[in-house]
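Only one structure is covered here, and it is reproduced in the block below.
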Amino acid sequence: MHKNKTIVGSFLFIMIFVVLGLNYIWEDAYIWFSIGLIFLAIVFFIFRFETRNVEPRELVLLAVLASIAAVGRIPFASLPSVQPTTFVIMMSGYVFGAESGFVIGAVAALASNMILGQGPWTPWQMVAWGLVGLTAGWLKNTFLMQHKWGQILFGVIWGYLFGWIMNLWGFLAIIQSGGADTLKAFIVYMIGSATFDTFHAISNVFFLLVFGGIWIKILNRFKRKYGLLE
């Protein structure tokens, strides 16, 4: 069973990056690739529950958390890279597990862009935020995530990793439009985004310090009281 899970999980990850590659080649079809990523995210989530039935209230909870993460971007839209979305996705993955975190991150990106603007960057945001929730779930029982300083370090790291993933898309888009494709140009591009990535990391730290403890308590209470996503 564990071997089968590993095989299917690896296949799904490969398919996710295939979708990103196709999005780079045919960026005008980004909405279809976004739908494809949502489908893969849902398959990834359902695969976790292959030995049990997924209850409607569990799906509702994931939808609510994804909506909170998505809406959280809107009030901070005027502040570059400052938003609570990464924090909400991180806490959700930490409490409810890797697969749930990935689904919440991917859906939040797609839903928030319905308001803030869709584009060929959407699938990349879906994957980046999905990976935030996924890794938070994977590391939830480690020494790192069991301590506040570890969670803060995790938030800082993903503040930059998220930016680097989006930088990769941005640089590929520049190359596709005929721009420079040298290592020097890529480094300059990365340096140019460092300020925004730092804002993202700082906002993650702020939300973790101020709201981290209470969010974990609330989500764990729902999980234990109603037996959700155990």
Review point. Which of Ser203, Ser112 comes first, and how do the rest follow, when ranked by fewest Cβ neighbours within 10 Å?
Key: Ser203, Ser112
Study note, to complete from the structure: Cα-based Debye curve of segment 61-149 sampled at q = 0.13, 0.16, 0.19, 0.26 Å⁻¹ gives log₁₀ I(q)/I(0) of -0.38, -0.56, -0.76, -1.22
Revision key, fill the gap. Phi-derived 3J(HN,Hα) across segment 162-175 with the Karplus relation (6.51, -1.76, 1.60, θ = phi - 60°), rounded Hz, x for Gly and Pro, is 4, x, 5, 5, 5, 5, 4, 4, x, 5, 4, 5, 5, 4
Exercise for review: Please state, rounded to one decimal and in Å, the Kirkwood hydrodynamic radius that segment 79-230 gives when every pair of distinct Cα atoms enters the mean of 1/r.
Suggested key: 16.1
Review point. Would you list Ile202, Ile214 from fewest to most Cβ contacts within 10 Å?
Key: Ile214, Ile202
Revision key, fill the gap. Output ordering of 127-134, 67-74, 188-195 (per-residue mean of other Cβ within 10 Å, highest first) is 127-134, 67-74, 188-195
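Taken together, the values in this text are just the output of simple stated rules run on the coordinates, not laboratory data. Quantities reported herein were computed from a predicted structural model and do not represent experimental measurements. Backbone-built Cβ (ideal geometry, glycine too); neighbour counts: all protein chains shown.
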